[in-house]
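Okay, so here's the structure we're looking at.
The values are calculated or read from the model by the stated rules, or taken from the named source; none is laboratory data. It should be emphasised that the depicted structure is a prediction, and the values quoted were computed from it without experimental measurement. Note that we place each Cβ from the backbone using ideal geometry, even for glycine, and neighbour counts take in every protein chain shown. Ligands, DNA and RNA are stripped out before the accessible areas are found, and what is left, the full protein with its side chains, is counted by its heavy atoms. Shrake-Rupley method; radii C 1.70, N 1.55, O 1.52, S 1.80 Å.
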Amino acid sequence: MENLLATSSHTRSQPLNGATDALPVLRLTNIEKVYQTKTIETVALNQVNLTINRGEFVSVMGPSGCGKSTLLSLMGLLDEPTRGTIEVDGRTVQSYSDRELANLRNLKIGFVFQSYHLINDLSVVDNVEVPLLYRKGMGGKERRQRALDALDKVGLSARTGHFPGQLSGGQRQRVAIARALAGGPEIILADEPTGNLDSVMGEEIMDLLLGLNRQDGVTIVMVTHDEQQALKTQRVVRFFDGSQVG
Amino acid sequence: MLRHLFTLIWNRKRANLLLISEVFFSFVVLFGVGAVLITAAKNYLAPHGFNYEQVWRLEVRAGQNLKMPRAELDDVLRQVKALPGVRTVALTSGNTPFIFNTNNSVFEYEGKKSPQANVYDADDHYGEAMQLHLREGRWFAPSDDGSNHRPVVISQDLRESMFGNGPALGKIFTWENPGKGPAKPEDEFLVTGVVDAVRMESDFSAAIPSVWKRLIPYDTTHWETANVLVRVAPGSGGELQEKIARTVAGVTRQWTSQVRVMDNERLHRRLYTLVPVVGLCIMGLFLIINVALGLFGVLWYNISQRRAEIGLRRAMGATGAGIGWQFLGEMMVVTTFGVLLGTLLAAQFPLLNAFDLPAQPYLLAIGAAAAAVYFITALCAWQPSRLAAAIQPAVALREE
Ligand SMILES: Nc1ncnc2c1ncn2[C@@H]1O[C@H](COP(=O)(O)OP(=O)(O)OP(=O)(O)O)[C@@H](O)[C@H]1O
Ligand SMILES: [Mg+2]
């Protein structure tokens with residue numbers, strides 16, 4: 001990480017040396033996201049101000065269509081806000097180049113998508129290796145080992161050679177989680193990671209995330225519809241119709 | 001990353017099989033066209049082995065079912081030779097250069113067969129008229145009149161295949177399968193000279209082993225037509241041609257004659273040879289354009305099918321450029337499979353010595369076809385890959 005910060009030192013709002021820990025991992029300021037289609041303009045997020053501190057476990061709740069996934073894709077640097085600023089470690093990302101953004105996504109963030117997004121033509125283990133492919137200097141052996149470890153954590157060691165089409169929805173969800181873990185990210189952004197799992201498996205995944213958060217200090221933002229799960233996290237952020245309501 | 005591409009391509013083999021076979025067929029077509037073009041170009045650049053400039057072909061016809069008395073024929077030759085502007089005249093058979101008339105045969109020397117060789121009748125002035133380049137020995141001459149065998153001059157390529165590095169002059173060979181009983185002296189060929197290999201078919205044809213048999217008076221007794229090569233001074237034209245025609249008519253009224261310029265016959269033959277080659281090239285070009293458009297379409301479709309994958313890879317840390325390279329790289333790997341299959345097929349031609357051609361043009365054609373195929377596929381993959389590179393991760397991930 002230090003390396004990356006050093007190479008992009010020309011960007012604005014330099015963090016004070018050694019003060020990185022005190023800065024929020026993610027800060028969204030006056031965020032607005034408007035989706036423009038031919039016929040209709042959808043305000044998916046409106047005046048969102050949100051700070052995620054290092055080591056926090058935050059859950060995001062709200063009814064369907066209120067903008068939770070949109071929020072996560074902005075946090076994951078997959079999309080740009082229509083207005084407002086996003087800061088990662090105290091630095092605005094709007095000015096980042098394509099390469100810098102790609103590096104941030106690869107090294108810092110693990111993303112679990114609501115609809116898994118596995119590559120159907122790759123086996124389970126190859127899917128989990130995908131983020132590691134974009135790491136400079138990581139050999140094939142290490143990639144494989146990390147992928148297998150991650151699959152072990154989500155209880156899928158027996159399915160490494162399967163293809164996504166041969167897995168149940170819950171199993172695919174777990175592959176997607178393993179893929180987010182494989183890179184050892186600082187932040188995990190999980191969009192309903194237990195949405196397709198039965199309660200037992202859901203509990204296990206929740207425990208896994210809690211463990212990562214507590215033992216490894218991974219910052220986690222999780223979208224969920226489950227109040228029980230939300231209660232286990234440190235903070236709940238509620239949305240309604242694109243706005244933050246609590 | 002290359003391993004990853006192989007895995008991806010292997011897992012998508014059904015979709016890629018189509019691409020691979022398209023590449024394979026393009027390669028084979030390009031190889032075929034390339035081999036023809038390279039062979040033609042290589043021949044074109046080689047010397048003809050004789051000088052076709054300022055040579056005319058005088059055709060003298062005695063008329064239907066009329067034979068040519070040798071004495072009158074000799075008169076024609078002598079009088080034409082005497083015309084101002086005429087350098088040399090030579091009597092030969094009908095298979096003069098660049099016209100559609102060939103006469104070939106296989107010979108035998110000490111039980112060893114020669115390759116198929118062109119056989120020409122030639123008199124003592126032929127070598128001079130055609131400006132053949134003597135390498136060994138001499139052209140036949142009146143001093144050969146008393147010879148017990150028929151004197152011949154052979155081309156260097158025939159010499160190499162019949163006599164190798166050993167001496168050729170003074171050797172005697174025969175037709176293939178000389179038959180039983182004592183051979184007739186005129187069917188035993190005594191080598192008096194060796195000339196450079198000649199390319200007499202067209203500008204684009206290869207050298208063909210050749211034998212020039214010395215005409216003996218007996219040969220012409222059954223002729224109805226005589227072919228005379230006339231080497232003229234530079235700048236000679238229609239006026240001299242008319243004079244020659246009048247000279248022939250002056251010897252005997254029944255005979256008709258026609259003068260043709262060998263260089264014109266060469267150009268005519270060149271055109272005739274070029275037409276199918278150009279046709280082949282145009283057909284090949286259309287085929288390749290077709291394949292290229294098909295490839296372009298398939299790649300375009302592939303990318304629209306794989307938008308979610310692109311978005312995902314971007315989300316996992318691939319740069320836009322990285323995605324572009326991945327798609328280009330996949331296509332190059334697929335191309336490599338197609339080219340390898342094609343090379344496997346194409347390599348049979350030099351290995352099996354097909355069409356009796358040397359290996360070099362085939363190898364060149366393989367290289368050229370491979371380069372062209374890589375170029376075409378890279379060109380086709382370029383735009384779709386750039387398109388893929390420009391896809392924004394969030395947009396791509398939405399669609400499913
Ligand atoms: N690419 C897009 N183009 C147009 N509108 C969009 C686009 N993406 C999202 N929206 C709209 O933005 C709003 C927020 O969508 P989002 O996916 O963030 O909701 P969500 O809170 O994740 O819902 P769910 O709980 O059902 O997943 C919705 O009204 C949706 O229709
Ligand atoms: Mg959602």
* Asked: Would it be correct to say that A:I52 is among the aliphatic types (A, V, I, L, M), free of Cβ contacts under 8 Å to residues at least 60 places away in the same chain and more than 14 Å from every other protein chain (Cβ to nearest Cβ)?
  -> no
* Return yes or no: is B:S161 free of Cβ contacts under 8 Å to residues at least 24 places away in the same chain and not in a loop (DSSP other than H, G, I, E, B)? => no
* For A:L189, which of the numbered conditions (1) in contact with a Phe, Trp or Tyr (Cβ under 7 Å, 6 or more places away or on another chain); (2) more than 16 Å from ligand 2 (Cβ to nearest atom); (3) open to solvent by less than 10 Å² (accessible area, probe 1.4 Å) fails to hold? -> (2)
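Only one of B:G342, B:G311, B:G294 is within 25 Å of A:L122 (Cα to Cα) and in the same structural domain as B:W382 (by TED's automatic domain parsing); which?
On the way: B:G342 fails: within 25 Å of A:L122 (Cα to Cα); B:G294 fails: within 25 Å of A:L122 (Cα to Cα).
The conditions single out B:G311.
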* Filter segment A:226-246 for residues that are open to solvent by 80 Å² or more (accessible area, probe 1.4 Å), within 16 Å of ligand 2 (Cβ to nearest atom) and among the charged types (D, E, K, R) and give the result. => A:R238, A:D241
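Looking only at residues in segment A:151-167 that are within 16 Å of A:I205 (Cα to Cα) and in a loop (DSSP other than H, G, I, E, B), which one is nearest to the chain's Cα centre (by Cα)? Before the answer, list the steps.
Step one: filter segment A:151-167 for residues within 16 Å of A:I205 (Cα to Cα), giving A:151-157.
Subset that is in a loop (DSSP other than H, G, I, E, B): A:154-156.
Values: A:V154: 17, A:G155: 20, A:L156: 21 Å.
Only one residue fits best here, namely A:V154.
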* To do: Tell me, please, whether a residue that is assigned to a loop (DSSP other than H, G, I, E, B), open to solvent by less than 70 Å² (accessible area, probe 1.4 Å) and at negative phi can be found in segment B:226-233.
  => yes
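Would you call B:G324 in contact (Cβ under 8 Å) with a residue 24 or more places away in the chain, closer than 30 Å to A:L77 by Cβ and more than 27 Å from the chain's Cα centre (by Cα)?
Details: in contact (Cβ under 8 Å) with a residue 24 or more places away in the chain: yes; closer than 30 Å to A:L77 by Cβ: yes; more than 27 Å from the chain's Cα centre (by Cα): yes.
When the stated conditions are applied, B:G324 passes them.
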* With respect to A:T39, determine if the residue is open to solvent by 20 Å² or more (accessible area, probe 1.4 Å), more than 15 Å from ligand 1 (Cβ to nearest atom) and away from chain B (no Cβ under 14 Å). => no
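Suppose the filter is at pLDDT 95 or above and either within 12 Å of chain B (Cβ to nearest Cβ) or more than 23 Å from B:Q305 (Cα to Cα) (or both); does A:V130 pass it?
Values: at pLDDT 95 or above: yes; either within 12 Å of chain B (Cβ to nearest Cβ) or more than 23 Å from B:Q305 (Cα to Cα) (or both): yes.
Taking the combined requirement at face value, the residue satisfies it.
Taking A:L156, is it more than 29 Å from A:K33 (Cα to Cα), modelled with pLDDT of 90 or more and not hydroxyl-bearing (S, T, Y)? First the steps, then the outcome.
On the way: more than 29 Å from A:K33 (Cα to Cα): yes; modelled with pLDDT of 90 or more: yes; not hydroxyl-bearing (S, T, Y): yes.
For A:L156, the condition - more than 29 Å from A:K33 (Cα to Cα), modelled with pLDDT of 90 or more and not hydroxyl-bearing (S, T, Y) - is met.
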* Find the residue count for segment A:192-216, including only residues that are small (G, A, S) and buried (at least 19 other Cβ atoms within 10 Å of the Cβ). => 1
* Asked: In segment A:79-109, how many residues are closer than 24 Å to A:E192 by Cβ and at the interface with chain B (Cβ under 9 Å from one of its Cβ atoms)?
  -> 6
* **Tabulated pairs, segment A:64-92, first within 16 Å of A:D241 (Cβ to Cβ), second open to solvent by 40 Å² or more (accessible area, probe 1.4 Å) and near ligand 2 (Cβ under 9 Å from one of its atoms), C-beta under 7 angstrom, 6+ apart or interchain** => A:S69/A:Q114
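Go through segment B:270-384 and tell me which helices (runs of 4 or more DSSP H), entirely inside it, have 2 or more residues that are away from every other protein chain (no Cβ under 14 Å) and modelled with pLDDT under 90.
Numbers: elements: B:307-315, B:320-346, B:348-351.
Of the helices (runs of 4 or more DSSP H) lying wholly inside segment B:270-384, those with at least 2 residues that are away from every other protein chain (no Cβ under 14 Å) and modelled with pLDDT under 90 span B:348-351.
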* Asked: If you scan segment A:42-64, which residues turn out to be near ligand 1 (Cβ under 9 Å from one of its atoms) and under 19 Å from A:R238 (Cα atoms)?
  -> A:V43, A:A44, A:L45, A:V60, A:G62, A:P63, A:S64
